[in-house]
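Heads up: the structure comes next, in structure tokens.
The values are calculated or read from the model by the stated rules, or taken from the named source; none is laboratory data. On a predicted model such as this, the values are computed, not experimentally measured, just so you know. No Cβ is skipped: glycine too gets one built from the backbone with ideal geometry, and neighbour counts run over all protein chains shown. Only protein heavy atoms, including side chains, enter the accessible area calculation; ligands, DNA and RNA are left aside. Shrake-Rupley method; radii C 1.70, N 1.55, O 1.52, S 1.80 Å.
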Amino acid sequence: MSDDQSKQEERAAVAAKAAATDPAADAAADEGAERSLPEQARVRREKLAKLQAAGKDPFAIVKYDQTHHSVEIKEGFESLDGREVSIAGRMMSFRDIGKASFIDVQDRDGRIQVYAKAENMGEEPYAALKTYDLGDIIGVKGKVFKTRRGEISVEVSEVTLLAKALEPLPEKFHGLKDTEVRYRRRYLDLVMNRDTMDTFRKRTRIISSIREYLDGRDFIEVETPILSTIASGAAARPFTTKSNALNLQLHLRIATELYLKRCIVGGMERVYDMGKNFRNEGIDIRHNPEFTMIELYQAYADYNDMMELCENLVANAAVKATGSTKVTYQGTEIEFKAPWRRLTMIDAVKTYGGPDFANVKTDEEARKLATELGLEDELKKKLKDCTKGDILNAAFEKFAEEHLVQPTFILDYPTDISPLTKQKPGDPTMTERFEGFVYGREICNAYSELNDPIVQRDRFAQQAKERELGDDEAYPFDEDFCSSLEVGMPPTGGMGIGIDRIVMFLTDAYSIRDVILFPTMKPTE
RNA sequence: GAGCCGCUAGCUCAGUCGGUAGAGCAACGCCCUUUUAAGGCGUGGGUCGCCGGUUCGAACCCGGCGCGGCUCACCA
């Protein structure tokens with residue numbers, strides 16, 4: 001502590017020396033670091049040095065009594081009119097009209113105008129205030145009033161500089177537009193663009209609403225490993241890392257599914273994990289390498305229960321974030337109110353101009369159909385390795401997906417592409433699985449969980465074969481997970497929802513990067 | 001990974017035919033006691049993304065590279 005103090009004194013002494021010498025000699029002496037700075041940054045550093053030399057180092061201040069936020073004053077003006085308040089925030093504009101000035105101070109909620117005049121605050125403090133710069137953080141004490149033009153304002157009695165901004169802010173009217181800078185330096189984006197702040201506050205409300213909703217339905221939030229030797233539970237390539245202590249290669253999780261089901265085996269009955277998943281794949285407007293996903297599992301429930309849970313949970317989040325179940329996304333109105341449309345995958349293909357797969361009996365027939373329809377490009381494997389299920393899925397993606405604009409559940413997925421899902425009673429080729437689609441995009445994936453350990457081992461064996469055929473995203477085998485099923489897992493419904501995508505719809509965000517505070521970017525150098 | 005587009009003052013943007021760069025905001029100096037994209041007068045500020053080439057001369061033309069955006073491919 002005394003160390004800090006002496007350092008501070010030392011710094012003040014250096015600053016005093018710098019400020020004492022005349023500016024020309026100063027500039028010459030400062031050649032090097034200071035000189036290479038842009039003019040405005042240099043000016044601000046000099047101002048700071050002078051303050052420190054005068055014993056008024058803003059960075060020495062540890063706290064400020066912020067009694068009100070801008071929005072409280074504006075909304076509560078009737079009762080606050082004439083009362084003393086103290087506010088704090090960033091100086092966003094400064095209109096100097098001589099012996100008085102108008103300053104816009106921005107806090108978390110918005111801006112409020114501050115009216116400062118020498119007559120009220122004293123000549124010297126007023127002169128000091130005039131040396132402050134846009135971007136500086138100030139605390140203001142004063143009386144609430146309304147100007148002639150009707151602007152609710154605070155008439156300053158005292159101003160405190162709480163932090164000096166050494167770098168100028170982007171332009172006040174056009175703000176910060178450069179996408180790259182907005183993503184790399186999100187703090188500037190948050191300061192300058194109110195919409196950005198709104199988006200992230202909405203994101204928080206959405207996430208809270210989901211937790212509240214599930215907690216209110218007796219779910220338990222748990223945390224499952226991010227690091228493990230096997231990244232399974234989804235079709236995706238993982239990131240690889242290494243433990244020094246264990247001298248072991250580890251993967252970052254691509255899903256939480258297999259751990260959450262272990263919790264169900266253990267008897268937790270209703271669990272969820274909301275957090276980051278990591279997938280080492282392409283980056284575009286819908287994909288960030290790390291993204292937020294919630295997975296939840298409910299014992300003694302099936303995929304129909306999951307559908308109800310999903311539509312209600314999302315509709316509830318929409319209301320909490322936007323005040324309505326009806327939102328506009330990129331110019332299209334979307335109604336999230338439950339119940340959502342339900343359509344089997346086979347019916348969806350048929351409805352949107354594809355063939356009727358109910359009449360396709362064998363893989364051979366399906367492959368012929370794929371050739372006729374020109375589906376080869378949509379398939380992940382060579383046609384000869386494809387089953388009817390693979391081809392149905394490809395046909396769905398080609399014919400139906402883009403048409404699913406209003407929230408729609410697509411039901412009953414082929415068993416071949418659903419290795420963790422329980423088969424439909426009476427039809428082993430199909431499973432009790434659904435995905436939710438909005439605006440042609442998948443937002444969730446859910447099923448009646450496969451709990452037969454013997455069948456599960458067969459499915460993993462099948463995935464191993466897929467891997468041999470060149471599918472490096474086939475689900476890796478997880479021995480301990482299979483052992484857990486052997487202990488006995490109740491019939492269970494499970495679901496995963498992509499949180500970022502939900503946030504995108506509810507905030508009208510074009511790109512996933514607009515709903516992730518610090519999206520993954522290449523380093524500049 | 002491929003194609004297209006962008007990168008000029010702190011920010012938002014101009015920059016013609018190849019002749020060593022401009023505006024507004026911001027900054028600096030001055031005037032102004034209810035302004036609000038305040039106003040008025042004046043001043044300073046540039047590695048034109050980086051490297052190379054063509055040319056007497058390059059922000060501009062050519063090649064390569066970097067970063068970003070979009071589209072496609074890949075992918076939940």
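Per-structure values
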{"quantity": "Accessible-area order (highest first, 1.4 angstrom probe) of the listed residues A:Thr199, A:Thr429", "calculated": "A:Thr429, A:Thr199"}
{"quantity": "Net dipole in debye of chain A [+1 Lys, Arg Cβ; -1 Asp, Glu Cβ; about Cα centre; nearest 20]", "calculated": "1260 debye"}
{"quantity": "A:Arg45 accessible area, assembled protein chains, probe 1.4 Å, Å²", "calculated": "80 Å²"}
{"quantity": "Value in Å of the Kirkwood radius, where the stretch A:363-486 supplies the Cα pairs that are averaged", "calculated": "15.5 Å"}
{"quantity": "The stretch A:362-436: radius of gyration and largest Cα-Cα distance (Dmax), Å", "calculated": "12.7, 36"}
{"quantity": "Projected-area mean, the stretch A:242-328, by convex hull of Cα positions, square nanometres", "calculated": "8.8 nm²"}
{"quantity": "Global size of the stretch A:159-267 as Cα Rg and Dmax, reported in angstrom", "calculated": "21.5, 61"}
{"quantity": "Cα convex hull of chain A - mean projected area over all directions, nm²", "calculated": "32.7 nm²"}
{"quantity": "Among A:Thr179, A:Gly267, A:Asn247 the positive-end extreme of the charge dipole of chain A (Cβ point charges)", "calculated": "A:Thr179"}
{"quantity": "Cross-link pairs A:Lys63/A:Lys141; A:Lys143/A:Lys164; A:Lys56/A:Lys164; A:Lys276/A:Lys337; A:Lys202/A:Lys276; A:Lys368/A:Lys398 - those with Cα-Cα distance over 21 Å", "calculated": "A:Lys143/A:Lys164; A:Lys276/A:Lys337"}
{"quantity": "Cα centroid separation, the stretch A:220-285 to the stretch A:408-427 (Å)", "calculated": "23 Å"}
{"quantity": "Point-to-point label distance, A:Gln249-A:Ser79, nm (Cα→Cβ direction, 7 Å offset)", "calculated": "6.4 nm"}
{"quantity": "Paired Rg and Dmax values of the stretch A:52-124, which use every Cα atom, in angstrom", "calculated": "14.0, 43"}
{"quantity": "Solvent-accessible surface (1.4 angstrom probe) belonging to A:Ser324, in square angstrom, nearest 10", "calculated": "40 Å²"}
{"quantity": "Nonlocal amide H pairs with A:His68, under 5 Å, H built at 1.01 Å", "calculated": "A:Ser86"}
{"quantity": "Low-density loop positions, trypsin sites (Lys or Arg not before Pro), the stretch A:321-420 - DSSP coil, at most 12 other Cβ in 10 Å", "calculated": "A:Lys361, A:Lys382"}
{"quantity": "Computed [θ] at 222 nm, deg cm²/dmol, chain A (DSSP H ≥ 4; -39,500 (n - 2.57); rounded to nearest 500)", "calculated": "-10500 deg cm²/dmol"}
{"quantity": "Built amide H within the under 5 Å cut-off of A:Val114, gap 5+", "calculated": "A:Ile103, A:Asp104, A:Val105, A:Val154"}
{"quantity": "In Hz, Karplus ³J(HN,Hα) per residue of the stretch A:183-193 (6.51, -1.76, 1.60; θ = phi - 60°; x = Gly, Pro)", "calculated": "7, 6, 10, 4, 4, 5, 4, 5, 5, 8, 10"}
{"quantity": "Semi-axes of the equivalent ellipsoid for the stretch A:70-169, Cα gyration tensor, largest first, Å", "calculated": "20, 16, 11"}
{"quantity": "Within the stretch A:191-266, chymotrypsin sites (Phe, Trp or Tyr not before Pro) in DSSP loop having at most 14 other beta-carbon neighbours inside 10 Å", "calculated": "none"}
{"quantity": "Extension gain (nm, one decimal) between A:Arg42 and A:Glu442, 0.36 nm per residue minus Cα-Cα", "calculated": "138.9 nm"}
{"quantity": "Rg/Rh ratio calculated on Cα atoms of the stretch A:213-257 (Kirkwood radius)", "calculated": "1.15"}
{"quantity": "Zero-based 5 Å bins, Cα pair distances in the stretch A:414-506, whole percents", "calculated": "3, 13, 19, 20, 19, 14, 8, 3, 0"}
{"quantity": "Dipole in debye (nearest 20) - the stretch A:70-169, about Cα centre, beta carbon charges: Lys, Arg +1; Asp, Glu -1", "calculated": "220 debye"}
{"quantity": "Qualifying GluC sites (Glu not before Pro) for the stretch A:168-260 [loop in DSSP, other Cβ within 10 Å: at most 16]", "calculated": "A:Glu171, A:Glu223"}
